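My structure is below; once you've seen it, I'll send some questions.
The values are calculated or read from the model by the stated rules, or taken from the named source; none is laboratory data. As the structure is a prediction and not an experimental result, all values here were calculated from the model. Here Cβ is always computed from backbone atoms with ideal geometry, including for glycine, and neighbour counts include all displayed protein chains.
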Amino acid sequence: MDILHSGELYLPMGDEIMEEQFKCLERLYDFNQTRPLEQEKRQKLLKEMFGDIGEGCYIEPPFHSNWGGKHCHFGNFVYANFNLTLVDDTHIYVGNNTMFGPNVTVATAGHPILPELREQGYQYNFPVRIGKNCWIGAGVVIVPGVTIGDNTVIGAGSVVTKDIPSNVVAVGNPCRVMREINDNDKEFYFKNHKISDDLRSNLK
């Protein structure tokens, strides 16, 4: 099924594609039916579901994914709050220590603008890359082909349509860089609320 990862237009409803996709969705269903105390079962299922998943990752059900994480590659200690949606028709890469707020959507799949092609059901896929130690705020939408750099914060409700560099705060629809992460962020964690001296002394 190389066509999924080629960037070319294709028809996603073929028998071979659907057969493999349903197998993935069965495991996803099992994951979403787990009880809160069944953490070991969840970890076991995630390792079966994902293309790659590191140590200490946590995904709060319900979790939604076109391929159940088959084309997702998570580093270590990735955290996702409820209703993470990964449209993983091709690859999604997420670095270590990145966090997702609730109701985030990461989409790799799109459809052509030309109505006649959409009418026939054509689709294309382009990978998404999210760096390490990012914070993706609640309700963010990330569209196909986007890369987000390391340490970056994407503000709640943003729609990310273009690449965002490392070490910035970016917000809006479409999402734009608001500012770089700076010395003020070493002193204040939220508005005028200061980081304690004890915590600051432990920072690298």
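Which of the residues belonging to segment 148-177 are among the β-branched types (Val, Ile, Thr) and either modelled with pLDDT under 95 or out of contact with any Pro (no Cβ under 9 Å at 6 or more places or on another chain) (or both)?
VAL153, ILE154, ILE164, VAL168, VAL169, VAL171
Listed residues PRO36, PRO12; which is of a type outside the set (Asp, Glu) and either surrounded by fewer than 14 Cβ atoms within 10 Å (Cβ to Cβ) or in contact with a His (Cβ under 9 Å, 6 or more places away or on another chain) (or both)?
On inspection, the qualifying residue turns out to be PRO36.
Would you confirm whether or not segment 77-94 contains a residue that is under 9 Å from the mean Cα position of the chain (by Cα), farther than 21 Å from TYR29 by Cα and touching a residue at least 24 places away in the same chain (Cβ under 8 Å)?
yes
Check segment 182-203 and report whether any residue there is touching a strand residue (DSSP E or B) at 6+ places or on another chain (Cβ under 7 Å), part of a loop (DSSP other than H, G, I, E, B) and at pLDDT below 95.
yes
Test of understanding: among ASP150, ASP185, which residue is surrounded by 11 or more Cβ atoms within 10 Å (Cβ to Cβ), within 22 Å of the chain's Cα centre (by Cα), of a type in the set (Asp, Glu) and more than 19 Å from PRO102 (Cβ to Cβ)?
None of the other options fit; the residue is ASP150.
Considering each residue of segment 1-23, count those that are in a strand (DSSP E or B) and either of a type in the set (D, E, K, R) or under 16 Å from SER65 (Cα atoms) (or both), and give that number.
Number satisfying all stated conditions: 0.
Mind telling me which of the residues LEU46, LEU84, LEU4, LEU28 ends up being in contact with a Phe, Trp or Tyr (Cβ under 6 Å, 6 or more places away or on another chain) and surrounded by 16 or more Cβ atoms within 10 Å (Cβ to Cβ)?
Result of the check over LEU46, LEU84, LEU4, LEU28: LEU84.
Kindly provide the set of residues from segment 33-84 that are over 16 Å from VAL106 (Cα atoms), among the hydrophobic types (A, V, I, L, M, F, W, C), assigned to a loop (DSSP other than H, G, I, E, B) and touching a strand residue (DSSP E or B) at 6+ places or on another chain (Cβ under 9 Å), ordered by number.
Within segment 33-84, CYS57, PHE77 qualify.
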